[in-house]
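Notes follow the structure.
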Amino acid sequence: MELSDIDIVLAVARSGKISQAAKELNYAQSNVTTRIKKLEQEYQIQLFNRFPKGVVLTSKGEQFVQYATQIHNLLHDLKQDMTDPGEPSGTLKIGIVETAASSRFMEILNEYQITYPKVSISLVNATSPKVLRKKIQDDEIDGAFISGACVKEGLKVEYEMQDTVHIISKRMDTPPESLCQVSWVVFPEGCPYRELTEEFLQEEGLSARNIIEVSTMENLLSCVESGIAFTIMPCNVIHKKPDDFSVFDLADRFTHTTTTFVRGEDRYVSSALDQFMKLLNQKCITF
């Protein structure tokens with residue numbers, strides 16, 4: 001087996017199509033097919049089940065991918081370690097949920113950028129913790145802020161903060177008499193605050209007049225500010241215009257939430273990421 005065979009198997013497993021993997025790797029499709037067959041002959045196993053529309057890993061193929069991923073990660077970390085100059089530089093890719101992009105967080109980024117001007121910061125937004133975990137596993141980002149319950153398998157928690165969530169509506173002089181038939185604006189499936197909203201409605205026996213799904217914080221706040229819908233979010237999301245909204249408390253069992261900063265467990269930590277995590281803990285930020 002050649003080391004490049006690992007990239008081939010991982011690319012095919014990731015895409016489910018030999019043609020797409022070949023395009024991604026800039027190989028001829030026939031070359032990819034030949035290399036996979038050679039591996040299967042070498043280890044006397046079948047890595048993929050072939051179908052007209054693509055391929056699917058066999059049980060042995062899944063085992064192979066687990067080992068291949070470890071080898072790939074070790075080689076990637078070795079290269080990073082050997083080329084890391086020690087002084088923070090290069091690109092720092094941070095995943096962040098929409099609710100965490102507060103003014104306080106931006107202050108931390110600004111201080112980091114001033115202190116380490118050779119580092120180029122890239123922020124990757126998402127509403128689903130699952131998406132961010134996958135990006136960490138695929139080396140697309142160095143670490144991420146994840147809200148709600150965090151599946152910690154394969155991840156290392158470097159910072160954790162507690163927060164509270166509330167019902168947020170447009171500015172009202174008096175609380176609403178009833179939440180029955182109120183519309184609610186939420187992020188797509190996978191967002192922990194959407195799950196919390198659905199749990200709250202179910203346990204309180206409330207029926208939403210309408211569930212409005214949006215993909216950005218800007219659109220969510222526009223729906224709330226205009227009076228179209230209520231939402232359940234941390235108060236930091238309205239930090240720019242707090243006087244335009246009203247905030248109502250939830251029962252204790254719904255109120256508390258956690259946001260963590262996580263990275264890949266047992267993965268190489270660049271000097272850029274290391275200094276970012278140190279600054280994060282030094283400032284003890286809350287969103």
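Mind scanning 93/156; 170/283; 79/283; 23/93; 135/240 and naming the pairs with a C-alpha gap bigger than 21 Å?
Values: 93/156 16 Å; 170/283 32 Å; 79/283 31 Å; 23/93 25 Å; 135/240 29 Å.
Correct reply: 170/283; 79/283; 23/93; 135/240.
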For residue 170, distant residues with modelled amide H under 5 Å away: 227, 246
Estimated inter-spin distance, residue 164 and residue 71, nm [label 7 Å along Cα→Cβ]: 5.4 nm
Sparsely packed trypsin sites (Lys or Arg not before Pro) within the range 191-253, loop by DSSP, other Cβ within 10 Å at most 16: 209, 240
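Quick one: net charge of residue 225's neighbours, Cβ under 12 Å, K/R +1, D/E -1?
Working: positive: 170, 171, 240, 241; negative: 218, 243, 244.
Net charge around residue 225: +1.
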Correct choice for Kirkwood radius over Cα pairs in Å that was computed from the model, options (1) 21.8; (2) 20.7; (3) 21.3: (1)
Pairwise centroid distance, computed over Cα atoms, of the range 32-61 with the range 1-24, Å: 11 Å
Share of carbon and sulfur in the accessible heavy-atom surface of the range 179-281 [1.4 Å probe, %]: 45 percent
Separation of the residue 43 and residue 60 label points, Cα + 7 Å toward Cβ, nm: 0.9 nm
Distance-filtered residues of the range 174-188 - backbone nitrogen under 17 Å, label point 7 angstrom along residue 250 Cα→Cβ: 179-180, 182-188
Relative contact order, percent, the chain [alpha-carbon distance under 8 Å, six or more residues apart]: 23 percent
Derived scalar couplings ³J(HN,Hα) [the range 181-192; Karplus, 6.51 cos²θ - 1.76 cosθ + 1.60; whole Hz; x for Gly, Pro]: 6, 7, 7, 10, 9, 9, 7, x, 3, x, 6, x
Inter-label distance for residue 89 and residue 173, nm, one decimal - labels placed 7 Å from Cα along Cα-to-Cβ: 6.3 nm
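Just to verify a number: FRET efficiency for residue 120 and residue 195, C-beta to C-beta distance, R0 = 22 Å, to 0.05?
Values: r = 34 Å, r/R0 = 1.56.
According to the calculation, E is roughly 0.05.
Per residue, how much accessible area does the range 7-119 show when a 1.4 Å probe rolls over the protein heavy atoms, in square angstrom?
Working: 6900 Å² over 113 residues.
Per residue, the range 7-119 has 61 Å² of solvent-accessible surface.
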Positive dipole terminus of the range 150-287, leading residue within 260, 185, 232 (C-beta point charges): 260
With Cα atoms, 0 to 90° folded angle of helix 3-15 axis to the chain main axis: 40 degrees
Within-13-Å neighbourhood charge of residue 119 [Cβ basis; K, R +1; D, E -1]: -3
Per-residue [θ]222 nm for the chain (sum of -39500 (n - 2.57) over DSSP H runs n ≥ 4, rounded to 500): -13000 deg cm²/dmol
Charge dipole of the chain about the Cα centre (unit charges at C-beta), most positive-ward option of 92, 279, 78: 78
Under-5 Å amide H pairs with residue 182, H placed in peptide plane, nonlocal only: 209
Among beta bridges that DSSP assigns inside the range 1-148, antiparallel share in %, nearest 5: 25 percent
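Out of all DSSP beta bridges in the chain, what portion is antiparallel? Express it as a percent rounded to 5.
Details: 26 of 41 bridges.
Restricted to the chain, the bridges split so that about 65 percent are antiparallel.
If you take every residue apart from residue 259 with its C-beta less than 13 Å away from the C-beta of residue 259, what net charge results, scoring Lys and Arg +1 and Asp and Glu -1?
Working: positive: 104; negative: 98, 158, 160, 163.
Within the 13 Å Cβ shell, the charges total -3.
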Value of relative contact order over the range 160-263, rounded to a whole percent, pairs C-alpha under 8 Å and six or more apart: 49 percent
The range 67-123 versus the range 197-260: alpha-carbon centroid distance in Å: 31 Å
Positive-pole candidate from 10, 48, 219, dipole of the chain, charges at beta carbon: 48
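The values are calculated or read from the model by the stated rules, or taken from the named source; none is laboratory data. Since we're looking at a predicted model, the values are computed, not measured. No Cβ is skipped: glycine too gets one built from the backbone with ideal geometry, and neighbour counts run over all protein chains shown. Side chains are part of the model used for accessible areas, which takes the heavy atoms of the whole protein and leaves out ligands, DNA and RNA. Shrake-Rupley method; radii C 1.70, N 1.55, O 1.52, S 1.80 Å.
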